[in-house]
1. For Ile118 and Glu355, compute 0.36 nm times the residue count separating them, minus their Cα-Cα distance, and round to one decimal in nm.
2. What shape does region 158-205 have by the C-alpha gyration tensor, where a ≥ b ≥ c are the square roots of the eigenvalues, rounded means a/c under 1.5, and otherwise prolate means a/b greater than b/c and oblate the rest?
3. Along region 147-162, what does the Karplus equation 6.51 cos²θ - 1.76 cosθ + 1.60 (θ = phi - 60°) give for ³J(HN,Hα), rounded to whole Hz, x for Gly and Pro?
4. Grab the other residues whose beta carbon is less than 12 angstrom from that of Glu122, score K and R as +1, D and E as -1, and report the net.
5. Asn451's amide H: which non-local residues (gap 5+, or another chain) put their own amide H closer than 5 Å, with H modeled 1.01 Å from N in plane and none for Pro or chain starts?
6. So what's the net charge close to Pro79: Lys and Arg +1, Asp and Glu -1, counting the other residues with Cβ under 12 Å from its Cβ?
7. Starting from the 7 Å offset along Cα-to-Cβ, what nm value, one decimal, do you get for the label separation of Leu382 and Ala103?
8. Name the long-range amide H neighbours of Cys466: under 5 Å, sequence gap of 5 or more, or other chain; modelled H, no Pro or chain starts.
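Just so it is clear, none of the values below were taken in a lab; they were calculated from the coordinates. Please read these numbers as outputs of a predicted model, since none were measured by experiment. Heads up, the Cβs are rebuilt from the backbone with ideal geometry, glycines too, and the neighbour counts pull from every protein chain shown.
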Amino acid sequence: MGVIDFIFSWQIILQPLFKMIRRLFSTLISDYPPVGEFLPTAPPSNNQRTNGGSDTSTHFRSSHLESLNWLHAASPCFPISGDRVEIIHEPTTFYNTLVAKCANAKQRIMLASLYLGIGGLETRLVNAIHQNMKNNARLKVDVLLDFTRGTRGEKNSKTTLMALLQESDNFQLSLYHTPVLRGLTKKLAPPRWNELLGIQHMKLYLVDDTVIISGANLSNDYFTNRQDRYVMIEDQRLANFYANFLEKAQEFSLKVTRDGETCLHENWKMLPYKSAQIDFATEARERIRNYFKGIMEQQKEICENDKVSDTWIFPLIEMGQLGIHHDSLVTKSLLSGCLRDSKLKLATGYFNLTETYMDTLTKACQAECSILMAHPNANGFLGAKGPAGGIPAAYSLIAKKFYEQLKKSGQNNRVSLLEYERTGWTYHAKGLWYYLPGSSLPNLTLIGSSNFGERSVNRDLEAQICLVTTNGTLQRKLQSEFENILQHSTKAEAELTARPVPRWVRAVVGLFRNFF
């Protein structure tokens, strides 16, 4: 009997050992700081929601919408007109919009992504920025990428951007380096594997007063045939908020010099891989926390005095390794606070919902719920070399176990599972659409980089927005966005139940689920 056969046959007996090994492994590579209160007021209890939300704000006054009033105490709020929001449906439109915006930027470009690709489309984007900088001496450009992903291989994101860095003092390249990757792990972990420990995963694209928030990276697939989501917002206050927020993130990231080396930002004193991890994380957390608290106070008066806006933007972030669990707390509260007779559409490119989210959807959520995920044929890891090739099967296994949990709890009629499959395309869209009771159009959406999984909550830097709207035109755009994705989707329960999963994948999922 092989080792994997042995593990599979005795998995019930060995399950406690799996959990112990996973906890031990996580402890060896992690030293998470204590998680304090990120913002002044935590998400509300069920009683507060039932009684109309937080007492600190009654901005949403319609009967069902006021169940979302608690959001004003959970995040800064930016009231805007829904006419200033555009929903982009296709990756080619996203790409062309981004290139055009960057080519015509007047004052600033700030791009935050996991990485920048090295192909022709990426080069065209870089050239558009480069030419604009030559023509416009006032233009300031900042790019924030992940260190491990952005320096992988001889030709990479960093080398692609070096010409801009070497030619202009107005260009800054920052690479976020997780404080968990250190010591022997940093020396011995090979490329790709070192990314498992934590990455910069935010997808924020800011040009002058335009903010595009997405789950899409800056590379060829995301510009051509990978389905994602993209929301473009024109608002100066929101753009300034994200510009200052990204500057804070750049402070605790590594700065790339003109000779291609990395150094500390002038406002930072601790190397992420040499200083005490808890000191690094605590200082970074406090800077972000203090910034959010200041913006919350600033925006509070604006929101209270606003009588004309029909759309409200609540920025959410998650930086688990820095002790910031903001997005996940708000998301959990949204899921548990869904009203009876409401509807919830949730999407994730990689189905690895946290145990907390799965329990909340099963036991606390009252909405009629559908969950959309990638079919294995639409998973970006399909056909990958080595263990990564088993990732699509791993996600199917986790989804199958969740479906079995739903059936056991008698919730499988309330919660349905769907899979996206489109010939020649992969799937990466995530977020949710929430419909209040009696509404045929979405009243709320979450959009951003989070996959609602273990990595998103505990390892990576993530950014989302929670958008609440009463603007009928915008609501119809959001509905059209969901229907555009849904047209390539089918019910998944029967196929999930019958789909074979290799035994070695079952063993790996038991040990390393929180790494992918």
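1. Gain on extension, Ile118 to Glu355, equals 81.6 nm.
2. prolate
3. After applying 6.51 cos²θ - 1.76 cosθ + 1.60, I find 5, 5, 6, x, 10, 6, x, 5, 9, 8, 4, 5, 5, 5, 9, 4 Hz.
4. Value of the local net charge: +1.
5. For Asn451, whose amide H was placed from the backbone, the distant partners under 5 Å are Ser456.
6. Net charge in that neighbourhood comes out at -1.
7. Spacing of the two 7 Å Cα→Cβ label points: 3.3 nm.
8. Amide H neighbours of Cys466: Phe314, Leu316.
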